[in-house]
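These notes are about the structure you will find just below.
The values are calculated or read from the model by the stated rules, or taken from the named source; none is laboratory data. Remember, predicted model here, so these are calculated numbers, not experimental data. Don't worry about glycine lacking a Cβ; one is built from the backbone with ideal geometry, like all the others, and counts go over all protein chains shown. Keep in mind that these areas ignore ligands, DNA and RNA; they rest on the heavy atoms of the full protein, side chains included. Shrake-Rupley method; radii C 1.70, N 1.55, O 1.52, S 1.80 Å.
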Amino acid sequence: MKDKLFDYVERDNWVFQMSGVTKLICFLLLSASVMFTYDIRTILVVMVLSFTVLRISGITFRQIRGMLWAVVLFLAVNFVLTFVFNPTYGVEIYGTCHEIFRFGSRYIVTQEQALYQITKFFKYGAVIPLGMLFLLTTNPSEFAASLNGIKVSYKAAYALALTLRYFPDTIRNYNDISVAQQSRGLDMSKKEKLGVRIKNVMNICVPLIFSTMDRIDVISNAMDLRAFGKHKKRTWYARRSPEMIDYICIAVCVVILLAVILIAVFVNHGRFWNPFIS
């Protein structure tokens, strides 16, 4: 069975065996660690850890290829625009100026600006794999059951589960409609001009929107017929009790967050690591 973009495919490893709530807590803790600091050393540690767990999980490149290209494009645009609109922000942060070269009177490339922008680049690079891990290794039904297990309303938990299912279902519907349209002569290949391809994509999006709305209507009617929301509690088929791996992963993430905070307070004396001062 081929892995599909954004689709959940069960695998037999400890990443998939963790509770959905555990993955959410770990995601939030590690994201907070990365967002709190501008120390590239600690950010790289979290980044390496993220990609290592991503590799261990068995997620294929085909599943994340589209997301990776979108992220790379976003990071490249963000990197360029940061320099264009504020080329001396790094100098303001670190309080020193080590010029590398300049072009024009306004745009001066400094070591401080380079460090700031590279650190910012890796901040995003460390968080993105964490989001991919959470999205692609979490069973929506188990995640909803886990949330309800920590006293989150089962209506809200079920809504989140439906949201997680929405992405792969929408992509699957898009592919089905695309194949059907191409069998009728709609050309989506690179042989066509860009404007024609965009127009053809729009021809696919229209039936996709209507099919999505029809699916929402079917699900809503099915839930109403089964009296969803009538009772204050419900049972869950996919509920999974926390195991030792859950507690270990949460403890590791808490230790990382505390270490980041302690380094910022006692070593860097602030959120920024400044290698330009002795």
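Placing +1 on the Cβ of every Lys and Arg and -1 on the Cβ of every Asp and Glu, with nothing else charged, gives the chain a dipole about its Cα centre of roughly 580 debye.
What does the accessible area per residue of the chain come to in Å², with a 1.4 Å probe and no ligands, DNA or RNA counted?
Computed with neighbouring chains in place, this is 61 Å² per residue.
Label reach from residue 70 (point 7 Å along Cα→C-beta): in the range 130-173, amide nitrogens under 14 Å belong to 131-133, 135-136, 164, 166-172. For the range 253-259, the Karplus equation 6.51 cos²θ - 1.76 cosθ + 1.60, evaluated at θ = phi - 60°, returns couplings of 5, 5, 4, 5, 4, 5, 5 Hz by residue, with Gly and Pro reported as x. For residue 109, the residues whose modelled amide H falls within less than 5 Å of its own, excluding neighbours fewer than 5 places apart on the same chain, are 100, 101, 102, 103. Please say if the chain is rounded, prolate or oblate, where rounded means a/c under 1.5 for a ≥ b ≥ c the square roots of the C-alpha gyration tensor eigenvalues, and otherwise the choice is prolate for a/b larger than b/c and oblate otherwise? Judged from the Cα gyration tensor, the chain comes out oblate (a/c at least 1.5, b/c at or above a/b). Shape class for the range 150-208, computed from the alpha carbon gyration tensor (a ≥ b ≥ c): prolate, with a/c not under 1.5 and a/b above b/c. Compute the distance from the alpha-carbon center of the range 204-278 to that of the range 43-58, in whole Å. So the separation of the two Cα centres works out to 18 Å. Taken one residue at a time, the phi angles of the range 124-140 give Karplus couplings (6.51, -1.76, 1.60, θ = phi - 60°) of 5, x, 7, 7, 4, x, 5, x, 4, 4, 5, 5, 9, 10, 10, 6, x Hz. Gly and Pro are set to x.
For the peptides 106-115, 265-274, the ranking by mean Cβ contacts within 10 Å, running from highest to lowest, is 106-115, 265-274.
Under the convention that each Lys and Arg Cβ holds +1 and each Asp and Glu Cβ holds -1, the size of the dipole of the range 141-217 around its Cα centre is about 280 debye. When the chain is described by a simple charge dipole with +1 on each Lys and Arg Cβ and -1 on each Asp and Glu Cβ, the residue from 66, 175, 141 located farthest towards its positive end is 175.
Solvent-accessible area assigned to carbon and sulfur over the range 1-155 amounts to 69 percent, based on a 1.4 Å probe. Phi angles across the range 218-225 convert, under the Karplus curve 6.51 cos²θ - 1.76 cosθ + 1.60 with θ = phi - 60°, into 3J(HN,Hα) values of 5, 5, 4, 5, 4, 5, 5, 5 Hz, Gly and Pro given as x. For the peptides 90-100, 233-243, residues were scored by their other Cβ atoms within 10 Å and the scores averaged per peptide; the highest-first order is 90-100, 233-243. Could you tell me which residue out of 231, 273, 95 lies farthest along the dipole of the chain toward its positive end? Charges go on the beta carbon: Lys and Arg +1, Asp and Glu -1, centred on the Cα centre. Positive-end residue among those listed: 231. Remark: the range 129-186 carries a charge dipole of roughly 120 debye about the Cα centre, counting +1 on each Lys and Arg Cβ and -1 on each Asp and Glu Cβ. Taking a ≥ b ≥ c as the square roots of the eigenvalues of the Cα gyration tensor, the range 1-123 is prolate, since a/c reaches 1.5 or more and a/b is larger than b/c.
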